[in-house]
1. For the stretch 166-178: of the residues being open to solvent by 10 Å² or more (accessible area, probe 1.4 Å) and out of contact with any helix residue (DSSP H, G or I) (no Cβ under 7 Å at 6 or more places or on another chain), which is nearest to residue 127 (Cα to Cα)?
2. Looking for whichever is part of a strand (DSSP E or B) and surrounded by fewer than 22 Cβ atoms within 10 Å (Cβ to Cβ) here; the options are 131, 193. Which one fits?
3. Let me spell it out: the conditions are (1) farther than 22 Å from residue 46 by Cβ; (2) in a helix (DSSP H, G or I), and residue 109 meets all of them except one. Which number is the exception?
4. Have a look at 47, 10 and point out the one that is modelled with pLDDT of 70 or more and either open to solvent by 40 Å² or more (accessible area, probe 1.4 Å) or among the aliphatic types (A, V, I, L, M) (or both).
5. Determine the pairs where a residue that is free of Cβ contacts under 8 Å to residues at least 40 places away in the same chain and over 15 Å from residue 168 (Cα atoms), located within the stretch 186-207, has a partner that is among the hydroxyl-bearing types (Ser, Thr, Tyr) and open to solvent by 20 Å² or more (accessible area, probe 1.4 Å) with Cβ atoms under 9 Å apart, the partner being 6 or more residues away or on another chain.
6. Specify which of the listed residues (137, 147) is free of Cβ contacts under 8 Å to residues at least 12 places away in the same chain, open to solvent by 60 Å² or more (accessible area, probe 1.4 Å) and among the acidic types (Asp, Glu).
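The values are calculated or read from the model by the stated rules, or taken from the named source; none is laboratory data. Bear in mind that the values here come from a model prediction, so they are computed numbers and not experimental data. Counting neighbours? That spans all protein chains shown, and the Cβs are built from the backbone with ideal geometry, glycine included. Heads up: the accessible areas ignore ligands, DNA and RNA and are worked out on the full protein's heavy atoms, side chains in. Shrake-Rupley method; radii C 1.70, N 1.55, O 1.52, S 1.80 Å.
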Amino acid sequence: MSSTLNNLFIGVLTFLFGVSAAAHPISSKIETPSALIESLKLGGYIIYMRHGITIRKSAQRNKEAIDFTKCGTQRNLSLAGITQLAKIGQAIKALNIPIDSVKSSPYCRTKDTASTVFGTFEVDNNLRFSIAMDNKESAMLGQYLLEAMLATDSAHANAVFVGHTANLKDGLGVWPQPEGVMVIFKKQDDSLIYKGMIKPDDWPPLN
């Protein structure tokens, strides 16, 4: 493929799927949301979930002011976000989607997301919001996420990471939009395959 065509392909891929085809050890085999949901029932996938809808007017952008033990210093879930996440959790349970380990960023909005959707979870401080860091630390946190995903070993269930936008962009070149989205990966040997996204409205309604 010529360099011109290759650059065009990268641009189209980024526009369609939010994937940067830069130096990230992942490839893409995109499935529709409904197909992804069916695939998750079989297990063996990696889910990166962005936290639910937040109250943006309460955002604290100064990382020095954030106390992980005090939700009042952070941007938190809105009532709409809590309702959104409860519906996603109910859908996962109703569809019998098997969940293995769930790791969450230490922020209240991610811990509340993990609790509401999956129940039990483990806090991993290295999943903290990388956009508030300097370039070196952001790159380190992105690399940590990539390596943590590659270290998962769930053949019959799905491993879950609950976090933020920038970490996934820094580590795997994928920007998760909107809030409450699940980004799905499949591990193959020493690399990851990006399979697509399940947005909150993609989940089937419960009867």
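1. Here the answer is 169.
2. Among 131, 193, only 193 is part of a strand (DSSP E or B) and surrounded by fewer than 22 Cβ atoms within 10 Å (Cβ to Cβ).
3. So residue 109 meets the others, but not (1).
4. Only one candidate passes the filter, namely 47.
5. 188/27
6. One residue alone meets the criteria, 147.
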